[in-house]
Amino acid sequence: MAMSDKMPSAVRIALVGHTNTGKTSLMRTLTRDGRFGEVSSRPSTTRHVEGARLIADNEALVELYDTPGMEDPVALLEQIDALVDAARQSGESLDGPASIARFLELPEAEGRFEQEAKVLRQMLASDAGLFVVDARDPVLAKHRDELALLGRCARPLLPILNFVRDPEANEPAWRDALARLGLHAVIRFDTVAPERDGERVLYGKLATLLDAYRPAFEKLIASREREALARRGAGVHLIAEMLIDVAACRLRVEADASELASAIEGVNQRVRSREQACVDALLSLYRFGRDDVETGLLPLIEGRWEDDLFNPETLRTMGVKLGGGAAAGAAAGLGLDLMVGGLSLGVATAIGALAGGGWQTLRHYGDRLRGKLAGHQELTVDDAILRLLALRALDLLSALEARGHAAMTPFKQAAEASADWREGLLPPSIASARAHPEWSGLFGTMALEPEREAVVGALATELGKLGAAGA
Amino acid sequence: MKQIPDHSPDRFERRWLAESIRLLEAGRGPLADADAVRASRRAGGEFEDRVLVRALVLGEREGLLDALRDWRGFERLGLLIVALLALLSGFGMALGVLGDGTRPVNVVWALGGLLGLHLFGLLIWLIGMSLGGRDAGGLLGKGWQWLARRLARSASSILLGRARTDFLASAGLNRWALAAVTHLVWLLALLGAFVGMVLLFMLRGYQFTWETTILSGDFFAGLVAGLGWLPGMLGLEVPDVQTVQASGVGIVASEDARRAWAQWLLGCVLVYGVVPRGLLWAGCQTWFRRKRAALTLDLGLPGYLVLSDRLMPASERIGVTDPDHSASARGSSRQTHLPGVGAPTIVGIELRPERAWPPAIASGVIDGGRVDDRLQRKDALARLAAMPPARLLLACDARLSPDRGSLGLIGEMSACAADCRIWLVDGAAPDNARLGHWMEGLAGLGFEPGQIISGEEQALKWLAHGDE
Ligand SMILES: Nc1nc2c(ncn2[C@@H]2O[C@H](COP(=O)(O)OP(=O)(O)OP(=O)(O)O)[C@@H](O)[C@H]2O)c(=O)[nH]1
Ligand SMILES: [Mg+2]
């Protein structure tokens, strides 16, 4: 692509380490690409070097290279030491990179030590290395030899402690061992559940190590933070859309038992698939797949019989509709009257008023009034279900925010999130949605009015505050 | 992507299309867009460019692009109808105001009839614009939009219409569009009136008069001269004071006086009607066009944010840069064992430092020590080779990943003993997923499952006594 021509000098970072420590997993999390490479609990999964570019604001800033795990560093170091000794005997002194380069020319680099050779070759071709450590492992001679080999490549090396959240992690032992080797900058980064500012810390440390590339890393940090904020905003908005859809839903039902049961069944289904749609949208927003979450079934809706025909909000919106819509329409009609020379003053004005939205509101209200008189009832979704929907979705949102793209076990959605979902005040936006059945997309298409959008926006803001407080 | 026939959408229209797609998806849920996303990524560019490409591909598929072309037609048709109506009603206005010539024309009334409504409308428009308001752009413009909406009956057209209005209104541009149409309609109406007057003045003979009950003749003379000043600058005739005074008293038959009155009326309509509306129309139109071209999508809307990661992925794969050549499977290298007769030996391979060593071994069993670094490996191998034991127990940490290095060492050591068993320390832990990998790795070295022990007691018993 054109990007590589534009930015030839993207900083190259090699991900190296012992086998099975989570290099490919780290790659997945940093690239936000859950399908990069192959991740498996068995050792020596990755056998090649594979790269990916990190892009921010349309600019490729960093190139990351996943490498095979090192498996036999003890024997390799022995061989390279022998090479150096042999060279010294013939009066040649090989420094670190030269000794590595000499080794890479040997047939063993294509044979027994092919995996290690790939790592060292990539290390020499990179500006820095991330040394991924499984912090649960004890610090063994093989790890020290790995660090010695990588050290001979003379590239800055930043150790990354993976699996630090595990109770078996030996973090102090690793820090101590690394410090003894002169590696004082160490990062904790759990690839499956990275800390909130994990990436920022990682890129920040890399910027210190590679000062020439500091602007690129800072750009990357800023862009990733901006993206995270934007994603969160969009996520909350998606949840608000769902809640308004469900809250606004209103079904007129004959007061007969069998019809009632089928109506409730219908609503149940719609609400569930609406929740699924919201889950799907959230997953796609965070670039996860459907198998990343196990959806727990929503409890059944009992339905809510509501007599809010005369509730203040219904009446208020009626007034606004009639006032605003009709006034605009009437004005348009007046214009027509004036145009045709005042012939029909009055007629066009009246038509205009009805066209301006007053008519629909009137008819709608009339329908409901008639239904009421005819003994029909109106079915809406319980407050408790709305609360549960909100909690589950917010739960999922924060899980997705904290989830690395290396995670393999699906997130389990709670069937009954917590005890408090039955109580508490619902935000006022829900109440206003209740008065607008036409805002619900649950059965067919909704009216996308600016007023609906404003209410969705207000609810999203409210939910955003909630989620932030919880986090 | 198919070739887009004639007149592909311009930048504004593509943004409008993107807004329509956004509305569509808000109502109907996300569209299947794999190919659209692919096309958009291929096209590259800024986020907005990519959104536009996606919208174009989706719009084509969903028929919105065709609807957009139709919409152009509806707008033109709507404008044409309104324009014709305006011209005709302007003409009719001239006819109504001047009459059929049987009665003298009251000049002041005539001028009021010709310009009054227009000036009143202009005043309302100015007030509306200064107060702001989303759609404050003049009633006529709204009428035109309403007409276009009437013409566009299909669901796609309705969607497009809504998207357009909202999109323009979001930048306060809708009122300028409406204003431009309103001014255009008035311009045409006044032109119609002007042409109508010229025709009537050419083909009919009119007498001009003015009337008053309480005002003085001087007032009218001043009014006529004042209003006529500007048209006079353009070279049109203005009735002089005598003519004005005379017209108030009775009918003036003089041909000069009639021409002067006619020219004065035409001049006033031109200068106070046609010209200002024309200028305003041109101004609004230019302003609207300029602003519209600079109007960009609000990419902070959730409808777009949801797309950002897919259209502008945080990363892009480079691919394999150093492929794997080791097609040769790591063959199961069955070792030949030395016929050992030495004392049974236990060796700890890569054990955790916190693990106590040696375990409680029976007397007569040799502790081969911990083996971890290069020297320890060499020593241990040398000792084993010097006196191969009859039974060798290798203790390995089952919580580590079995790697090629460790397995190689185990292979080499086990070759130095007549019989070798592996004790997987902590291998009994139920949640240890790595046990299976150890089994596989050891099987590759030729170990049978029976030669792998995970219980300490069992392992030490075998070491002391062998298989009983
Ligand atoms: N719980 C947890 N599991 C992890 C973490 N990082 C990696 N894993 C798991 O560890 C195993 C190995 O991960 P990989 O990413 O394949 O490791 P690798 O270093 O690429 O391994 P090779 O390519 O075989 O050298 C997989 O089962 C991962 O799911 C982590 O931070 N937490
Ligand atoms: Mg890997």
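The values are calculated or read from the model by the stated rules, or taken from the named source; none is laboratory data. As the structure is a prediction and not an experimental result, all values here were calculated from the model. We place every Cβ from the backbone using ideal geometry, glycine too, and count neighbours over all the protein chains shown. Side chains included, ligands, DNA and RNA excluded: accessible areas come from the protein's heavy atoms. Shrake-Rupley method; radii C 1.70, N 1.55, O 1.52, S 1.80 Å.
Note on A:Ser41 and A:Ala148: the model spin-label points, each 7 Å out from Cα along the C-beta direction, lie 3.4 nm apart.
Accessible surface for chain B, divided over its residues, is 47 Å² per residue with a 1.4 Å probe. Each residue, B:Ser130 and B:Thr102, gets one label point 7 Å from its Cα in the Cβ direction; the gap between the two is 4.6 nm. Under the criterion of Cα pairs below 8 Å and six or more residues apart, the relative contact order for the range B:79-293 equals 31 percent. Counted over all Cα-Cα pairs of the range B:228-322, pairs farther apart than 23 Å make up 62 percent. Bridging of A:Lys412 to aspartates and glutamates at a Cα separation below 14 Å is possible for A:Asp291, A:Asp292, A:Glu294, A:Asp395, once same-chain residues fewer than 8 apart are set aside. Can you pull out the trypsin sites (Lys or Arg not before Pro) in the range B:151-238 whose DSSP state is coil and whose Cβ has at most 10 other Cβ atoms within 10 Å? Loop-located and lightly packed - B:Arg153. Taking only protein heavy atoms and a 1.4 Å probe, the accessible area of the range A:75-182 is 50% carbon and sulfur.
Modelled label positions at A:Ala212 and B:Met233, each set 7 Å beyond Cα in the direction of Cβ, lie 7.0 nm from each other. The fraction of accessible area contributed by carbon and sulfur in the range B:79-293 is 69 percent, rounded to a whole number (1.4 Å probe; ligands and nucleic acids excluded). Mind checking the angle between helix B:174-203 and chain B's longest principal axis? C-alpha axes, 0 to 90 degrees, to the nearest 10. Value to nearest ten degrees: 20.
Take every Cα pair under 8 Å whose residues are at least 6 apart in sequence, average their separation, divide by the length of the range B:334-465, and the relative contact order is 31 percent. When B and A come together, around 5700 square angstrom of accessible surface is lost from both chains combined, probe 1.4 Å.
Within 10 Å of the Cβ of each residue in A:117-128, the mean number of Cβ atoms contributed by other protein chains is 1. Each Cα pair of the range B:79-293 feeds into the Kirkwood radius, which the Stokes-Einstein equation turns, at 25 °C and 0.890 mPa s, into a diffusion coefficient of 129 µm²/s. Which residues belonging to the range B:398-417 lose at least 10 Å² of 1.4 Å-probe accessible area when the assembly is complete, relative to their chain isolated? Residues passing the criterion (a loss of at least 10 Å², heavy atoms only) are B:Arg399, B:Leu400, B:Ser401, B:Pro402, B:Asp403, B:Arg404, B:Gly405. Taking the inverse of the mean reciprocal distance over all distinct Cα pairs, the Kirkwood hydrodynamic radius of the range B:334-465 comes to 14.5 Å. Looking only at Cα atoms, what is the convex hull volume of the range A:1-125 per residue, in Å³? Value for the range A:1-125: 118 Å³ per residue.
Each peptide among B:263-276, A:81-94, A:17-30, B:105-118 gets the average number of other Cβ atoms lying within 10 Å of its residues, and from highest to lowest they stand as A:17-30, B:263-276, B:105-118, A:81-94. Short to long, the 10 Å bins of the Cα pair-distance histogram for the range A:43-90 hold 21, 24, 25, 21, 8, 1 percent of all pairs. Among the GluC sites (Glu not before Pro) within the range A:107-189, those in coil by DSSP and having at most 15 neighbouring Cβ atoms inside 10 Å are A:Glu110, A:Glu168. Spherically averaged projected area of the convex hull of Cα atoms, the range A:8-209: 11.9 nm².
A convex hull fitted to the Cα coordinates of the range B:168-250 yields 158 cubic angstrom per residue. Highest mean packing first, where packing is the average number of other Cβ atoms within 10 Å per residue, the peptides B:397-405, A:190-198, B:448-456 line up as B:397-405, A:190-198, B:448-456.
The alpha-carbon atoms of the range B:1-111 define a convex hull whose volume equals 165 cubic angstrom per residue. Extension gain, B:Arg11 to B:Val195: 0.36 nm times the residue separation minus the Cα-Cα distance gives 62.4 nm. For A:Leu106 and A:Ser398, the FRET efficiency from 1/(1 + (r/R0)^6), where r spans their Cβ atoms and R0 equals 56 Å, is about 0.60. When shorter helices are ignored and each DSSP H run of at least 4 residues is given -39500 (n - 2.57), the per-residue value for chain B at 222 nm works out to -20000 deg cm²/dmol. The mean number of Cβ atoms from other chains found within 10 Å of a Cβ in peptide A:45-51 is 5, as a whole number.
Partner shielding of B:24-31 amounts to 4, given as the average count of beta-carbon atoms from other chains within 10 Å of each residue beta-carbon. Between helix B:47-62 and chain B there is an angle of about 80 degrees, using the helix long axis and the longest principal axis of the Cα atoms. When Rg and the Kirkwood Rh are both derived from Cα coordinates, the Rg/Rh ratio for chain B amounts to 1.54.
Value of Rg to Rh for the range A:101-185, rounded to two decimals, is 1.01; Kirkwood radius and Rg both from alpha-carbon coordinates.
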